[in-house]
Amino acid sequence: MLDAGELGELIAPAVEVLGYELTGVEYLSGSALLRVYIDSKNGITVDDCQVVSHQLSGLLDVEDPIPGHYTLEVSSPGLDRLLFKVKDYERFAGSRVKIKLLAPLSGRRKFSGVLQGLEGESVLIEEDGENISIPLDQIAQARLVPEY
């Protein structure tokens, strides 16, 4: 069984050849759900998701990286997009984010603030006037917070 990163490496070429960007992959083993996030300069429509889903279904049937039954879901990243890649933390600097950690840092597992970017192997956020450095390898999930 491949992890989400390995699944992303497997399917990225099939997504990119169609003209889309693979922004991330989640595999939720408890619900047997493979969620693939795609984006493009023009945004993503339901038709775009259908085209990519069809392409990936064939690839995944041939490669068979996930044993047993699973559901494939192709989606746009949305306004509250998850940050999967190191480059996402640079790309969205200046945006509001929510970060959940694998283990407590200074007694906390959840942080919310303005993403400042990266410094070495850490993500920097500004929360209530304080700069906080969070090791990348401690982040369970990071998500943009839409501002309306």
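Summary table below
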| read-out | value |
| --- | --- |
| Residues of region 105-148 classified as outside any strand (DSSP E or B) and among the polar types (S, T, N, Q), total | 2 |
| The listed residue being at pLDDT 95 or above, within 22 Å of Y37 (Cβ to Cβ) and loosely packed, with under 14 Cβ neighbours inside 10 Å, out of L56, L136, L144, L72 | L136 |
| Test: residue in region 66-87 that is of a type in the set (A, V, I, L, M) and more than 22 Å from Y20 (Cα to Cα) | yes |
| Near pairs, Cβ below 8 angstrom, 6+ apart or cross-chain, from region 14-30 (not assigned by TED's automatic domain parsing to the domain that holds G68 and at pLDDT 95 or above) to any residue that is part of a loop (DSSP other than H, G, I, E, B) and surrounded by fewer than 20 Cβ atoms within 10 Å (Cβ to Cβ) | none |
| Meets criteria (hydroxyl-bearing (S, T, Y), surrounded by 14 or more Cβ atoms within 10 Å (Cβ to Cβ) and not assigned by TED's automatic domain parsing to the domain that holds A32) for S95 | yes |
| Qualifying residue in region 35-44 (condition: surrounded by fewer than 19 Cβ atoms within 10 Å (Cβ to Cβ), closer than 23 Å to A142 by Cα and among the polar types (S, T, N, Q)) | yes |
| Region 59-69 - residue that is in contact (Cβ under 8 Å) with a residue 40 or more places away in the chain and assigned to a loop (DSSP other than H, G, I, E, B) and, of those, surrounded by the fewest Cβ atoms within 10 Å (Cβ to Cβ) | P67 |
| Residue in region 79-88 that is surrounded by 13 or more Cβ atoms within 10 Å (Cβ to Cβ), at pLDDT 95 or above and assigned to a strand (DSSP E or B) present | yes |
| Checklist (1) free of Cβ contacts under 8 Å to residues at least 60 places away in the same chain; (2) out of contact with any helix residue (DSSP H, G or I) (no Cβ under 9 Å at 6 or more places or on another chain); (3) among the hydrophobic types (A, V, I, L, M, F, W, C) applied to L102, failing item | (2) |
| Region 1-34 - residue that is among the small types (G, A, S) and in a helix (DSSP H, G or I) and, of those, surrounded by the fewest Cβ atoms within 10 Å (Cβ to Cβ) | G5 |
| Within region 16-50, considering residues that are closer than 13 Å to S76 by Cα and of a type in the set (A, V, I, L, M, F, W, C), the one farthest from the chain's Cα centre (by Cα) | V46 |
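The values are calculated or read from the model by the stated rules, or taken from the named source; none is laboratory data. Everything numeric in this text was worked out from a predicted model, so none of it was measured. Cβ: placed from backbone, ideal geometry, glycine included. Neighbour counts: every protein chain shown.
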